[in-house]
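The values are calculated or read from the model by the stated rules, or taken from the named source; none is laboratory data. As the structure is a computational prediction, the values presented were derived from the model and not from experiment. Positions of Cβ are backbone-derived with ideal geometry, glycine not excepted, and every protein chain shown enters the neighbour counts. All accessible areas refer to the heavy atoms of the entire protein, side chains included, with ligands and DNA or RNA removed. Shrake-Rupley method; radii C 1.70, N 1.55, O 1.52, S 1.80 Å.
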Amino acid sequence: MNILVINAGSSSLKYQLLNPENGELLAKGLCERIGIDGKFTYKPQVEGKKVLDAVDVAMPTHSEAIQAVMNALIDAENGVVGSMKEIDAVGHRVVHGGEAFNKSVLITEEVMKALEECIPLAPLHNPANLTGINACTAVMGKDVPQVAVFDTAFHQTMPAKAYMYALPYEYYENDKVRRYGFHGTSHKYVAGRAAAMLGKNIEDVKLISCHLGNGSSVTAVDGGKSVDTSMGFTPLAGLPMGTRSGDLDAGILEFLMNKYGMNIKEMVNILNKKSGVQGVSGVSSDFRDLENAFKEGNDRAGLAVDMFNYGVKKLIGAYAAAMGGVDAIIFTAGVGENSASQRLAIASDLEFMGVKMDAEANNVRGKEVVISAADSKVKVLLIPTNEELMIAMDTAAIVKA
Ligand code: ADP
């Protein structure tokens, strides 16, 4: 079975063709500058096939982008499948499913309507996801099943005490203002892998999943269900991130807006684009740059990384308390998979709660491995995330059902 996984943005579109049964990746790539001029990248994973790297392909709309993907995948010389018929289904990453979707769904006209109703919750992302779906229908026809996989769906199991904000209740009832959480596909994937690594049923384990990348969130997963997560109504909440502030005292907004005559748009732009570790360090949003800058004596770069690590550590404590214990802590995504020093900083001095790191075992990157000491009561796991494979697996399960 071959599943095409699509992650459509407003002017870009990432794709992968993979087999969810054995996890084999056949090809992946990227369409960029859609609606501008169009750059197409194609990376077949089959020996002897030619890579295309940001070549010019006119892409006035997402439909031409999908057409370019199809042409490359079925190309007689460098394609990886014989014809479009060998693509069984398409799985789309959709950012926001609101309260309407607690799991992945087969896309129907009714589902498209419900997705449109979610646009106000993610005005920057959901319209592009819908455009991606329509482009696939236009190019592949109505007979190829398409599935929507939501960043928010995994977190729909949170109890009300975790997802409610202490605002007047009518903002929840009338306006759907609540914690939704994001990165759900990643948290679900690594939680499943963690249970497998522990040799236990997912129903029997308590996990804390730390997805630490450019955007970061930590999730408490009890018995396979998300019971709390650090992102909120939007992905601006929780940890400080590359350029996002994470949680802060809402009173600061009024103070700064009054003092500098800023409107809400300008303020939120600062919170989303100019804050986080970039804002604190004044150096970069990239953790590698921060580590280098700190080594060269830049204390603010060190402070930014410390604040981030401390934020993750506090969430681990909070979620262990929320679940009444924890069996394993998972590190994933760019920072979680690659930064041994940050993993160590986050998970050290937690012996009181049964977490004992193995500094040597931790000195790895990018593979599934236990990085806690043999006598650590709580296991610490490094698990590379694979959102595309999770999307393909969900899509296959729905199409087969
Ligand atoms: P995104 O949220 O954009 O998907 P990623 O999960 O790819 O982000 O994570 C990107 C982050 O991972 C960047 O801040 C990058 O600096 C960080 N990263 C990648 N490799 C390393 C490394 N070796 N050490 C520290 N951080 C790393």
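With all protein chains in place and a 1.4 Å probe, the accessible surface of segment 3-150 carries 50 percent carbon and sulfur. Summing +1 for each Lys or Arg and -1 for each Asp or Glu among the other residues whose beta-carbon sits under 13 angstrom from that of ILE74 gives -1. Phi angles across segment 233-247 convert, under the Karplus curve 6.51 cos²θ - 1.76 cosθ + 1.60 with θ = phi - 60°, into 3J(HN,Hα) values of 5, 10, x, 7, 8, x, 5, x, 10, x, 10, 9, 5, x, 4 Hz, Gly and Pro given as x.
Per-residue ellipticity at 222 nm from helix content only, as computed over the chain with -39500 (n - 2.57) for each DSSP H run of at least four residues, stands at -11000 deg cm²/dmol.
Bridge orientation summary for the chain: considering DSSP beta bridges with both residues in this region, about 65 percent are antiparallel. Using a probe of 1.4 Å on the protein chains alone, the accessible area found for LYS176 is around 90 Å².
Loop-resident trypsin sites (Lys or Arg not before Pro) (DSSP state other than H, G, I, E or B) in segment 1-58 with no more than 16 further Cβ atoms inside 10 Å of their Cβ: ARG33, LYS50. Summing charges over neighbours of ASN362, with a neighbour being any other residue whose Cβ is under 13 Å away from its Cβ, gives +2 when K and R count +1 and D and E count -1. Distance from the Cα centroid of segment 185-230 to that of segment 264-336 is 19 Å (rounded to whole angstrom).
Under 5 Å between amide hydrogens, built in the peptide plane, is the criterion, and for HIS92 it picks out ILE6, VAL147, ALA148, VAL149 among residues at least 5 positions away or on other chains.
Any chance you could tell me what percent of the C-alpha pair distances in segment 162-253 go past 17 Å? Distances greater than 17 Å cover 55 percent of the Cα pairs. Placing unit charges on the Cβ atoms only, positive for Lys and Arg and negative for Asp and Glu, gives the chain a dipole magnitude near 360 debye about its Cα centre. For ALA27, the amide hydrogen comes within under 5 Å of the amide hydrogens of LEU17, GLN45, counting only partners 5 or more places away or on other chains and with H modelled in the peptide plane. Each label was represented as a point 7 Å from its Cα along the Cα-to-Cβ direction; for GLU77 and MET353 these points are 5.8 nm apart. Averaging the Cα positions of each part gives two centres, and for segment 28-57 and segment 348-396 these lie 33 Å apart. By a straight-distance test (C-alpha under 22 Å), which lysines pair with LYS113 as possible cross-link partners, with residues fewer than eight away in the same chain excluded? In chain and number order, the partners are LYS103, LYS142, LYS176. For the residues ASP306, ASP143, ASP327, a 1.4 Å probe over the protein chains yields an accessible-area ranking, largest first, of ASP143, ASP306, ASP327. Among the protein heavy atoms of segment 290-401, carbon and sulfur supply 54% of the accessible surface, probe 1.4 Å, non-protein parts ignored. Solvent-accessible surface (1.4 Å probe) assigned to PHE154 amounts to roughly 30 Å². Accessible surface of segment 193-284, 1.4 Å probe: 52 percent of it comes from carbon and sulfur atoms. Past the 19 Å Cα-Cα mark, which pairs from LYS161/LYS225; LYS14/LYS43; LYS225/LYS313; LYS43/LYS400; LYS14/LYS367? Violating the 19 Å limit, Cα to Cα: LYS225/LYS313; LYS43/LYS400; LYS14/LYS367. Would you work out the charge dipole size for segment 281-401 about its Cα centre, treating the Cβ of every Lys and Arg as +1 and the Cβ of every Asp and Glu as -1, and quote it to the nearest 20 debye? With only Lys, Arg, Asp and Glu charged at Cβ, the dipole is about 200 debye.
Here the Karplus curve 6.51 cos²θ - 1.76 cosθ + 1.60, taken at θ = phi - 60°, turns the phi angles of segment 97-104 into couplings of x, x, 8, 6, 10, 9, 7, 5 Hz, with x standing for Gly and Pro. Label reach from LYS400 (point 7 Å along Cα→C-beta): in segment 1-41, amide nitrogens under 11 Å belong to 1, 20-22.
Summed over the residues of segment 200-382 and divided among them, the accessible surface reaches 47 Å² per residue at a probe radius of 1.4 Å. Counting only the Cα atoms, the chain fills a convex hull of 166 Å³ per residue.
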